[in-house]
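The values are calculated or read from the model by the stated rules, or taken from the named source; none is laboratory data. Quick caveat, the model's predicted, so the values are computed rather than measured. Counting neighbours? That spans all protein chains shown, and the Cβs are built from the backbone with ideal geometry, glycine included. Accessible surface is based on the protein model in full, side chains and every heavy atom, while ligands, DNA and RNA are left aside. Shrake-Rupley method; radii C 1.70, N 1.55, O 1.52, S 1.80 Å.
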2 protein chains.
Amino acid sequence: MYANLPDIYGVNRRNIMNFIVETSARHIHLTNEHIAILFGEGHALTNKKDLSQPGQFACEEKVELVGPKGSLKVSVLGPARKDTQVELSFTDARTLGLKDVPVRESGDIAGTPGIKLVGPCGEIELAEGCIIAMRHIHMTPEDAEAFGVKDKDVVKVAIEGTGRALVFEDVVVRVSKSYALAMHIDTDEANAAAAFGKIFGTIVK
Amino acid sequence: MYANLPDIYGVNRRNIMNFIVETSARHIHLTNEHIAILFGEGHALTNKKDLSQPGQFACEEKVELVGPKGSLKVSVLGPARKDTQVELSFTDARTLGLKDVPVRESGDIAGTPGIKLVGPCGEIELAEGCIIAMRHIHMTPEDAEAFGVKDKDVVKVAIEGTGRALVFEDVVVRVSKSYALAMHIDTDEANAAAAFGKIFGTIVK
């Protein structure tokens, strides 16, 4: 973190603070109960790759989402959660034929569309749980203090130098001791910003 | 246009000027020669729907794009042009398996990837012509004067009130007497801004 940097640039210190911008492709979080139905009783998720957020990992396991119009394979992200949640882009929702998938914060799934999940050992008619994740920045309390923001703040983030520069508004700040500093956008958002590879964002006023 | 409005808002007049933001789904422009190969000698394109730009229209005709990884149907836009040009989103390019499709202004196709085109009467191995269109605003010389911009200017455009507000940078201004005032973005960009339905943009500093 840059919190203790001298202001050698002669500008507001926040202007020189940035963070990695990561693209979240469509994925699913599963409950233990749903892991057992889809992959078999007693099945444990297989860590394929650790993600930037401590303790979170992409799994070898995949689930097929079967919508009214089409189907898509998605990676499972571990560990198990208390609710099963499918995170899509608007492009994915259209491919599946799902209407009215809302832009929501992770965990806020009440009243969202469901979908059929197909695994190697079973199927589930998920009643609700499909969201388009609201773009967000994970940060620790120390990061939040350094950036001058707090949990649930909605900020603007500039992505520069990609040839498709833009300023994302409606970016929610999520603060927890268990997080690491990173912004998450979906594949549509990454495409709109040409945010491919190692891209950094900056909070702007 | 608002060029002659009194400044009743007490603000820079440009702040109250806006324009419709239209989403261009993937499509293809064809030369007369290519229309003849794909749809048959002497075939005339069928106007399905007039577009916002005077004289431009979506056609009943569709062409299949066959890439290294997948294929997609695209609508033909008429009338015929001097070069065949395929306009994709990054999502489409990935679906097709096309790498290094550049973000370019319409017409600037030198050195861009080609693709196989399949129509009901024939096929073409297009040597070049696939671009991701640079986001742009069509306007007349009168509009340009009112906005205080000129042809080829690169501006910033704010999209507000969608729940996914953002400011698109790297937006090119295109001025011609034959244009009508409208901004064009691709489907990825529309998704990133949740710019669905009748959405307006504003040039911001």
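Distances between copies of A:PRO79, taken at a point 7 Å out from Cα along the Cα→Cβ vector and listed shortest first: 6.8 nm. Amide H contacts of A:VAL171: A:VAL155, each under 5 Å away and 5 or more positions distant or on a separate chain (H built 1.01 Å from N in the peptide plane; Pro and chain starts excluded). What would the Debye equation give as log₁₀ I(q)/I(0) for segment A:114-205 at q = 0.11, 0.19, 0.24, 0.25 Å⁻¹, counting only Cα atoms as equal point scatterers? Summing over Cα pairs of segment A:114-205 leads to -0.42, -0.88, -1.15, -1.21.
Karplus-derived 3J(HN,Hα) values for segment A:101-106, using 6.51 cos²θ - 1.76 cosθ + 1.60 with θ = phi - 60°, are 6, x, 7, 9, 6, 3 Hz; glycine and proline are entered as x. In nanometres and ascending order, the distances from the B:GLY122 label point to those of the other copies are 5.8 (point 7 Å from Cα along Cα→Cβ). Here the peptides B:118-125, B:55-62 are ranked by packing, the mean other Cβ count within 10 Å, and the order with the highest first is B:55-62, B:118-125. Sorted from closest to farthest, the other copies place their B:GLU33 label points 6.5 nm away, with each point set 7 Å from Cα along Cα→Cβ. Among the protein heavy atoms, those of B:ARG26 account for about 80 Å² of accessible surface (1.4 Å probe, every chain in place). B:MET134 sits with roughly 40 Å² accessible to a 1.4 Å probe, with DNA, RNA and ligands left out of the calculation. Solvent exposure of segment A:85-205 amounts to 39 Å² per residue of accessible area, where only protein heavy atoms count and the probe is 1.4 Å.
Counting Lys +1, Arg +1, Asp -1, Glu -1, what net charge surrounds B:ALA195 among other residues with beta carbon under 12 Å of its beta carbon? Result for the local shell: -3. Spatially, segment B:125-148 and segment A:147-205 are offset by 28 Å when compared through their Cα centroids. Interface between chains B and A: roughly 1900 Å² of accessible area buried, both sides summed (probe 1.4 Å, protein heavy atoms only).
A loss of 20 Å² or more of accessible area (1.4 Å probe, protein heavy atoms, ligands and nucleic acids excluded) relative to the isolated chain is seen in these residues of segment B:172-205: B:ASP188, B:GLU189, B:ASN191, B:ALA192, B:PHE196.
Amide H to amide H, with H built 1.01 Å from N, A:THR46 comes under 5 Å of A:GLU60, A:GLU61, counting only residues 5 or more places away or on other chains.
Expressed as a rounded percentage, what relative contact order does chain B have, with Cα pairs under 8 Å and six or more residues apart?
The normalised contact order for chain B reaches 25 percent.
I'd like the Karplus ³J(HN,Hα) series for segment A:154-171: coefficients 6.51, -1.76, 1.60, θ = phi - 60°, whole numbers in Hz, and an x wherever there's a Gly or Pro. So the J values, rounded to whole Hz, are 10, 10, 10, 10, 8, 10, 10, x, 9, x, 9, 4, 7, 10, 7, 9, 6, 9. Per-residue surface analysis assigns A:HIS34 an accessible area of about 30 Å², computed on protein heavy atoms at 1.4 Å probe radius. Expressed as a whole percent, the accessible area of segment A:138-205 that falls on carbon and sulfur atoms is 53 (1.4 Å probe).
Applied to segment A:114-125, the Karplus parametrisation 6.51 cos²θ - 1.76 cosθ + 1.60 on θ = phi - 60° returns per-residue 3J(HN,Hα) values of x, 6, 7, 10, 10, x, x, 10, x, 10, 9, 8 Hz, with x for Gly and Pro. Dipole magnitude for segment A:49-177: about 280 debye, using +1 per Lys or Arg Cβ and -1 per Asp or Glu Cβ, origin at the Cα centre. Label zone of B:ALA180 (point 7 Å out along Cα→Cβ, amide N under 11 Å): in segment B:20-41 this covers no residue at all. For the protein assembly as shown, the square roots of the Cα gyration tensor eigenvalues, ordered a ≥ b ≥ c, give a/c of at least 1.5 with a/b no greater than b/c, which places it in the oblate category. Amide hydrogen proximity for A:PHE19: with H placed 1.01 Å from N in the peptide plane, the residues at 5 or more positions away or on another chain lying under 5 Å are A:GLY201. Ranking of A:ASP92, B:ASP100 by solvent-accessible surface, largest first: B:ASP100, A:ASP92 (1.4 Å probe, protein heavy atoms only, all chains present).
In this rough spin-label picture, where each label sits 7 Å from Cα along the Cβ direction, the A:ASN47-B:LYS48 distance is 5.0 nm. Pairwise inverse Cα distances across chain B, averaged and inverted, put the Kirkwood hydrodynamic radius at 18.1 Å.
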